[in-house]
Amino acid sequence: MIRNPVLPGFHPDPSIVRVGEDYYLATSTFEWYPGVRVHHSRDLVNWRPLGGILTERRLLDLSGVPDSGGVWAPDLTYHDGLFHLVYGVMDNYALGYKDIANYLITAPSIEGPWSDPVRLPGRGFDAALYHEDGRSWLLNMVFDSRPGRGFAGIELQALDGGKPELILPNRNISEGPHIYRIDGWYYLMAAEGGTGYEHRVSVLRSRSLSGPYEEDPAGPMLTSRHDPSLELQKAGHGCLVQTQTGEWYVAHLVARPYHNRRCVLGRETALQRVVWEDGWPRVAGGVPAVEVVPPALPAHPWPAAEDGTGLWPDWSTLRRPASPDWLSADDGGFTVQGGQSPYGLRTPSLVARRVTAQKCSLEAVLRFEPDSVHQSAGITAYYNSRNWHYLALTTEGLVLTTSDRGTRTEHLLGPAGPEVRLRVEFDGPVVRFNDGPELDATIVSDEHADEFVDGHVRAFGFTGAFVGFWVQDLAGEGCAARFEQISYGT
């Protein structure tokens, strides 16, 4: 069976494409490198991570982007022998504005090499390409930044010329648009209801690419909004794929909330079987299922991943790409040069991996000798720059710090030498560090990270929680920390 979520932990906004017998899933990465994480399957059951596509500043610059800014909703397609990747980079979403630029890159293989980015037209985000008869069209949600406005519908524009036209005008919150041509109909799939518990996938169709589009009379194709008892909540942002045997599936995001409706694991990727009824693609019951019948394809499990600490493909870095000037990895572990404070948005030194289960742990041996109060190194449970727990080796010994929406509290755990074993353990709503007190794991959740001030967004919570290794060198004195015997388990 397909067991959902197929990509556990922070893997939102899936875009799925089949090339021959190979299936690729691309997901959003926001302020984390490498940008646009990709997974590969040949049976829709077994998925292996391939790392990320945007690995260097030539393709992506995340310096200074806000929490949950950066790469939003990538779109991966294949046309005329090339992979096409469209992605938006959100530099600011404050006070009603959306400063986002959409880019296109291409490559003959999913491994690259990828072309230099081309800036695309468009007045919104969640952009996607539709290819037909040698031509390509750009779809995107239009955003109106004037006071009292906002989501203004979905726009279509031919990339080889022509003016943009609204094909779904005045539609409130229609995101993640995709178009498919099937049996003489153009099907428009869009996400609506925001990214939280009202999320849903809607499908419309037309005989003409430019519309008008009519909505499925049966209602949303997929949603969890009417049933809080469902294990998979927030179902939305769908993307269709047809197997080589003619079966249809939809990839979409979901979340698995804790008892307090907070989602520490973030928004994850799931798959549902699609059936065609009266000319409409539909999911049984219109709700996400934990277990789904797989397609009639040969099983294709992947070899077990090697037990190493290389950055590829499970580890990510925050706001700057992994490069030898601050980070090196080998079979023994990581060596990390210190960076900015936990609230810095340009050169933090944090290497981390996604939290993928309610019960999991990360541990390592730290070798580090701080010379001043400006230096620290340790292990963290991290959501964003304002919400984290951090056990650090400092000149005072082991200090456990919590930042809850920017308010810091500290616990001194005691003295420690230059070599110390560190451990962070998630146990449902509780997180523990070494022998420290039990702490609230749900402050590193999507819902807690969302902040609004006077009706305006202060911060979005789009990413899910991470565990990893953090080093600070606030005076730029050249300190480095070594992390060895690294182990992550669920």
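Tabulated values for the structure
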item	result
Leading residue by the ranking (surrounded by the fewest Cβ atoms within 10 Å (Cβ to Cβ)) among those in the stretch 232-248 that are more than 19 Å from the chain's Cα centre (by Cα) and either closer than 19 Å to residue 193 by Cα or of a type in the set (S, T, N, Q) (or both)	245
Residue within the stretch 249-262 that is under 20 Å from residue 187 (Cβ atoms), touching a helix residue (DSSP H, G or I) at 6+ places or on another chain (Cβ under 8 Å) and surrounded by fewer than 23 Cβ atoms within 10 Å (Cβ to Cβ) present	no
Failed condition for residue 289, given (1) surrounded by 12 or more Cβ atoms within 10 Å (Cβ to Cβ); (2) in a strand (DSSP E or B)	(2)
Qualifying positions in the stretch 42-58 - in a loop (DSSP other than H, G, I, E, B) and either surrounded by fewer than 23 Cβ atoms within 10 Å (Cβ to Cβ) or outside the structural domain of residue 27 (by TED's automatic domain parsing) (or both)	42, 43, 45, 46, 47, 55, 56, 57, 58
Residue within the stretch 402-425 that is farther than 25 Å from residue 375 by Cβ and β-branched (Val, Ile, Thr) present	no
Residues within the stretch 142-166 that are assigned to a loop (DSSP other than H, G, I, E, B) and on the phi > 0 side of the Ramachandran plot, tallied	4
Out of 463, 409, sole residue that is among the hydroxyl-bearing types (Ser, Thr, Tyr), under 20 Å from the mean Cα position of the chain (by Cα) and assigned by TED's automatic domain parsing to the domain that holds residue 358	463
Selection within the stretch 309-339 - part of a strand (DSSP E or B), hydrophobic (A, V, I, L, M, F, W, C) and over 14 Å from residue 367 (Cβ atoms)	318, 327, 329
Condition met for residue 183 (of a type in the set (Asp, Glu) and modelled with pLDDT of 95 or more)	yes
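For every residue, the table says whether it meets (1) over 30 Å from residue 450 (Cβ atoms); (2) not in a strand (DSSP E or B).
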| position | (1), (2) |
| --- | --- |
| 348 | no, yes |
| 402 | no, no |
| 421 | yes, no |
| 424 | no, no |
| 431 | no, no |
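Here's the yes/no breakdown for (1) buried (at least 18 other Cβ atoms within 10 Å of the Cβ); (2) in contact with a helix residue (DSSP H, G or I) (Cβ under 9 Å, 6 or more places away or on another chain):
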residue	(1), (2)
400	yes, no
405	no, yes
412	no, no
467	yes, no
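The values are calculated or read from the model by the stated rules, or taken from the named source; none is laboratory data. All figures in this text were calculated on a predicted structure; none of them were measured in a lab. Quick reminder, even Gly has a Cβ in these numbers, built from the backbone with ideal geometry, and neighbours come from all protein chains shown.
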